[in-house]
């Protein structure tokens, strides 16, 4: 019993001395009260810890501390990994979108009469949705070979507008859902195509458009109504 | 007598800074950072020797190293945060200084929470 009390007293005195030395070293700034809170807590633990021995239960401070610190670390990692996951998902989606665009461009170029093609797609980027990754809309700008479009229903700018109107009209269910953004996208693609080659005139070749949309529909499983084709002759 | 060397460094750098501040205030800040770091480094070895010795005595007296280590960690964080914040404040960037202090406080709290929860555990254990 005497040994227990002696150990206890020595422990407390040493700890108090140690805390005093540490506080001497501290800068006088604003951090001091935080350090004081902590040293105070540790002093209380040192004072009452041996009592657990009297009650027959041992308290291991370092084990309890490690457990609590591990708990904090685990939560922190969980939070950080959630953030990372979102970032990764976003990048994967972007990569996926680019790959689809590449594939569409490739398969559009394989269609007869097409010299070059540019594509843009809108996919479902809501990763909680069941249809995540589904292609919502495809925009294709094709540059046609020489006189391929000239001998068919040759049209100039006048014809082209109704043509693209036609292709936009059938998607009533989509347009209700997606609204104005799509219109912006169409505009930007249209002007982009015009800027690309000033000499190119917009024409309309129904056969080519049908071949193209059928092919895209076959490969990517997108409804014909969601494929918007713009033709430019060089 | 290393205290003389430290005072020498402090005085010389103060004079340099006073001269420079009129002509080139941006270099004055750098001089003050370097002087602060030099003094800090000169103290670091001595401080670590003192801490080592205290650790040995704590071992002898039977204080668990966990207490010792926690107190020292928190002191170190407070010290470094204060040092960085003071440099920023000298350069006139009070906003960044208070951000550094905030980060230091967060780190201290991260270390403090396990200690406080283990105190709670201890109290709950003692309660019959």
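Out of all the residues in the stretch B:49-58, which are more than 9 Å from chain A (Cβ to nearest Cβ) and closer than 15 Å to residue A:16 by Cα? Across the stretch B:49-58, the qualifying residue is only B:55. Scanning the stretch A:19-29 turns up no residue that is more than 7 Å from chain B (Cβ to nearest Cβ), assigned to a loop (DSSP other than H, G, I, E, B) and at positive phi. Of the residues A:2, A:51, which is over 30 Å from residue B:43 (Cβ atoms) and out of contact with any helix residue (DSSP H, G or I) (no Cβ under 7 Å at 6 or more places or on another chain)? So the residue among A:2, A:51 that is over 30 Å from residue B:43 (Cβ atoms) and out of contact with any helix residue (DSSP H, G or I) (no Cβ under 7 Å at 6 or more places or on another chain) is A:2.
What are the residues in the stretch A:8-60 that are surrounded by 14 or more Cβ atoms within 10 Å (Cβ to Cβ) and touching a residue at least 40 places away in the same chain (Cβ under 8 Å), if any? Result: A:8, A:50. Looking at the stretch B:43-53, is at least one residue within 22 Å of residue B:104 (Cα to Cα) and loosely packed, with under 12 Cβ neighbours inside 10 Å? Yes; the residues of the stretch B:43-53 include at least one that is within 22 Å of residue B:104 (Cα to Cα) and loosely packed, with under 12 Cβ neighbours inside 10 Å. In a helix (DSSP H, G or I), more than 13 Å from chain A (Cβ to nearest Cβ) and under 18 Å from residue A:29 (Cβ atoms), is that true of residue B:87? Here the answer is no, as residue B:87 does not meet what is asked.
What about residue B:35, is it in contact with a helix residue (DSSP H, G or I) (Cβ under 6 Å, 6 or more places away or on another chain), farther than 17 Å from residue B:83 by Cα and in a helix (DSSP H, G or I)? So residue B:35 fails the test. Regarding residue A:82, is this residue over 50 Å from the mean Cα position of the chain (by Cα), surrounded by fewer than 12 Cβ atoms within 10 Å (Cβ to Cβ) and either at positive phi or more than 9 Å from chain B (Cβ to nearest Cβ) (or both)? No, not satisfied.
Which is within 11 Å of chain B (Cβ to nearest Cβ), at pLDDT 85 or above and in a helix (DSSP H, G or I), of A:39, A:66? Among A:39, A:66, only A:39 is within 11 Å of chain B (Cβ to nearest Cβ), at pLDDT 85 or above and in a helix (DSSP H, G or I). Looking at (1) at pLDDT 85 or above; (2) part of a loop (DSSP other than H, G, I, E, B), find the lone condition where residue B:53 falls short. Result: residue B:53 fails condition (2) only.
Taking the criterion of being under 30 Å from the mean Cα position of the chain (by Cα) and either closer than 14 Å to residue A:37 by Cβ or within 7 Å of another protein chain (Cβ to nearest Cβ) (or both), the residues of the stretch B:113-128 that qualify are B:113, B:114, B:115, B:116, B:117, B:118, B:119.
The values are calculated or read from the model by the stated rules, or taken from the named source; none is laboratory data. From a predicted model like this one, the values you see are computed outputs, not experimental measurements. Neighbour counts run over all protein chains shown; Cβ positions are idealised from the backbone, glycine included.
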